[in-house]
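The values are calculated or read from the model by the stated rules, or taken from the named source; none is laboratory data. Everything numeric here is computed off the predicted structure, so don't read it as measured data. Methodologically, a virtual Cβ is constructed for each residue, glycine included, from the backbone with ideal geometry; neighbour enumeration extends over all protein chains shown.
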Amino acid sequence: MKRILLVHTGGTLGMTGRRPAALKPGEFFRTLKSRVPELRKLAKLDLHLFSNVDSSELQPESWVQLATYLHERRDDVDGVVVTHGTDTLAWTASALSFLLPNFGKPIVLTGAQRPLGEVRSDARLNLVDAVTSASAGPKEVTVCFDSHLYRGNRVRKASVSEYDAFDSPNFPPLGVLGVDARFEPGLASSGKPQLAAKLDPRVFVLKVYPGLDVELVLAMLGRVKGLVIEAYGAGNFPVGERRSLRPLFREAKARDIPVVVVSQAHRNGVDLSLYESGVVAMEEGAISGGDMTVSAAAVKLMHALATFDAPKARRGYLERSVAGERT
Ligand code: ASP
């Protein structure tokens, strides 16, 4: 049997019921054993309580801590399952994909829309599927939810209450867990496992909308080290007479603040050469985020800022796919 490390971070999966209170740690593991006894038939489980919080409490420091813990435990396990609240699960999955290059073993994040102790909970199936995926699935960071396995840095939370809580609009599933569990090969490791647990959280995500006052954004630029702009469509924003964003690109360039442009549209990605505003942004040094999700782009930028001093190296890192996060 494979040896799987199950790390609990919190979220609905481990809550007591409709009233949002987290199960006490001991109670969580007891509930896990009584509600999903078959997990023990699938793998030799090693349980670890990392935290027991709503995932909105998890921060970049938590990702660094979690990555460090997984790196330390890597050699004694065959795969990892991380149980996590669904709200920021896509963020943690992206972070682990950048902080643990060449981990070389499956790291599967999962959660639930209903607590484990409830009759109609989706937690049971998600846990069984996650342990199955951690034993036999692709050796990269993935998200297992509602009978599907997705690349971790490609997902976004798409539903608040339906069981198919996640989608991966720009990358096909890496596994389908139906009557049989079928997996794609996934990313190949290209070197020794590393712990690259460095992040600079001074990144601001700016959503473009009609009426956006560029002066407001300029006023806070002194506190920002990197900017992700969620633009319209293929990478558009006003550059005309009213409320032009051109001064923002110019000022960011002058301050050596990298600007990554992603799209508010979920399918496909940014192409800055298509329209005038994209061309303006490119001339001012903006970086196309291609088809990255907002969470993948923001975490990757935090990682790039903490890892590279030279603007050219940062740009190169942001523009290429480093963990399968962009096409
Ligand atoms: N608020 C919860 C969390 O993200 C939601 C969930 O787990 O589904 O922790």
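Can you name the condition, by its number, that His266 falls short on among (1) more than 19 Å from Ser321 (Cβ to Cβ); (2) touching a residue at least 12 places away in the same chain (Cβ under 8 Å); (3) surrounded by fewer than 18 Cβ atoms within 10 Å (Cβ to Cβ)?
The number of the failed condition is (1).
Out of Ala252, Ala196, Ala231, report the one residue that is surrounded by 14 or more Cβ atoms within 10 Å (Cβ to Cβ), more than 22 Å from the chain's Cα centre (by Cα) and either small (Gly, Ala, Ser) or at pLDDT 95 or above (or both).
Values: Ala196 fails: more than 22 Å from the chain's Cα centre (by Cα); Ala231 fails: more than 22 Å from the chain's Cα centre (by Cα).
Answer to the check: Ala252.
Restricting the search to region 62-88, which residues are part of a helix (DSSP H, G or I) and touching a Pro at 6+ places or on another chain (Cβ under 8 Å)? Before the answer, list the steps.
Our first condition is that a residue be part of a helix (DSSP H, G or I); within region 62-88, this holds for 62-76.
His71, Arg74 - these are the residues of region 62-88 that are part of a helix (DSSP H, G or I) and touching a Pro at 6+ places or on another chain (Cβ under 8 Å).
Please find, within region 44-92, the residue that is nearest to Arg3 (Cα to Cα) out of those that are within 10 Å of the ligand (Cβ to nearest atom) and out of contact with any helix residue (DSSP H, G or I) (no Cβ under 8 Å at 6 or more places or on another chain).
Among them, the one singled out is Val53.
Looking at Ala231, Ala252, which is the one that is of a type in the set (Gly, Ala, Ser), within 20 Å of Lys300 (Cβ to Cβ), touching a residue at least 12 places away in the same chain (Cβ under 8 Å) and assigned to a helix (DSSP H, G or I)?
Details: Ala231 fails: assigned to a helix (DSSP H, G or I).
It is Ala252.
Only one of these is within 28 Å of Gly233 (Cβ to Cβ) and part of a loop (DSSP other than H, G, I, E, B): Pro173, Pro185, Pro138. Name it.
Going through Pro173, Pro185, Pro138 in turn, just one is within 28 Å of Gly233 (Cβ to Cβ) and part of a loop (DSSP other than H, G, I, E, B): Pro173.
Filter region 151-173 down to the residues that are of a type in the set (Phe, Trp, Tyr) and within 16 Å of the ligand (Cβ to nearest atom), then identify the one that is nearest to Trp63 (Cα to Cα). Don't jump to the end; show me each part of the working.
So the first thing to find is which residues in region 151-173 are of a type in the set (Phe, Trp, Tyr), and the list is 163, 166, 171.
Now restrict to residues that are within 16 Å of the ligand (Cβ to nearest atom): 163, 166.
Numbers: Tyr163: 25, Phe166: 20 Å.
That would be Phe166.
Only one residue in Gly240, Gly191 is away from the ligand (no atom under 16 Å from the Cβ), assigned to a loop (DSSP other than H, G, I, E, B) and touching a residue at least 24 places away in the same chain (Cβ under 8 Å). Which one? Outline the logic, then answer.
Working: Gly240 fails: touching a residue at least 24 places away in the same chain (Cβ under 8 Å).
Unique residue meeting the criteria: Gly191.
Would you mention how many residues in region 89-112 are on the phi < 0 side of the Ramachandran plot and assigned to a loop (DSSP other than H, G, I, E, B)?
The number of residues fulfilling the criteria is 7.
Could you please find all residues in region 304-313 being within 15 Å of Leu227 (Cβ to Cβ) and either free of Cβ contacts under 8 Å to residues at least 60 places away in the same chain or of a type outside the set (Gly, Ala, Ser) (or both)?
Of all residues in region 304-313, those within 15 Å of Leu227 (Cβ to Cβ) come to 304-305, 311.
Scanning region 304-313 gives Leu305, Pro311.
Val141 fails exactly one of the following numbered conditions: (1) within 14 Å of the ligand (Cβ to nearest atom); (2) within 18 Å of the chain's Cα centre (by Cα). What is the number of that condition?
With (1) within 14 Å of the ligand (Cβ to nearest atom); (2) within 18 Å of the chain's Cα centre (by Cα) applied to Val141, the lone miss is (1).
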